[in-house]
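Below: the structure, in structure tokens.
The values are calculated or read from the model by the stated rules, or taken from the named source; none is laboratory data. Computed from a predicted model, the values in this text were never measured in an experiment. Cβ placement follows ideal geometry from the backbone for every residue including glycine, while neighbour counts extend to all protein chains displayed.
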């Protein structure tokens, strides 16, 4: 399986380490004084100091307007539920509260949207069957 790599800007590396490392539980990889890598659910994030990308709620998904661009991960449902509970307990402000969408349809999924400390939007999806991620 190939790994996905995403490099993007953050405004503070200490805040970034606290969010991705401590809160989300992502293992820290290589770093310098201007960037840090994380194992983001099996994929590589490279967080570099700089101006975070602009986003706007222009993505139309069902009856929701979601921030574009955004990134995230698709997790097994049990892992998604555990993370949703952890983020809720930590007082994370959600853009889109944890919920189920496309219920009863192909590709039924749980989803939640939130931002990192730099304002980068993140979507975490949960699926009962990861093989259904591309069902239509």
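Residues checked against (1) outside the structural domain of residue 16 (by TED's automatic domain parsing); (2) at pLDDT 95 or above:
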residue	(1), (2)
41	no, yes
66	yes, no
73	yes, yes
80	yes, yes
83	yes, yes
93	yes, yes
98	yes, yes
101	yes, no
107	yes, no
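Determine, yes or no, whether residue 14 is under 14 Å from residue 118 (Cα atoms) and without any contact (Cβ under 8 Å) to a residue 12 or more places away in the chain. When the stated conditions are applied, residue 14 passes them.
Kindly indicate whether any position in segment 52-70 is in contact with a helix residue (DSSP H, G or I) (Cβ under 9 Å, 6 or more places away or on another chain) and outside any strand (DSSP E or B). No. Selection over segment 13-24 of residues that are surrounded by fewer than 13 Cβ atoms within 10 Å (Cβ to Cβ) and either in the same structural domain as residue 90 (by TED's automatic domain parsing) or assigned to a loop (DSSP other than H, G, I, E, B) (or both) gives a count of 0.
Listed conditions (1) at pLDDT 95 or above; (2) surrounded by fewer than 17 Cβ atoms within 10 Å (Cβ to Cβ); (3) farther than 18 Å from residue 80 by Cβ are all met by residue 36, apart from (2).
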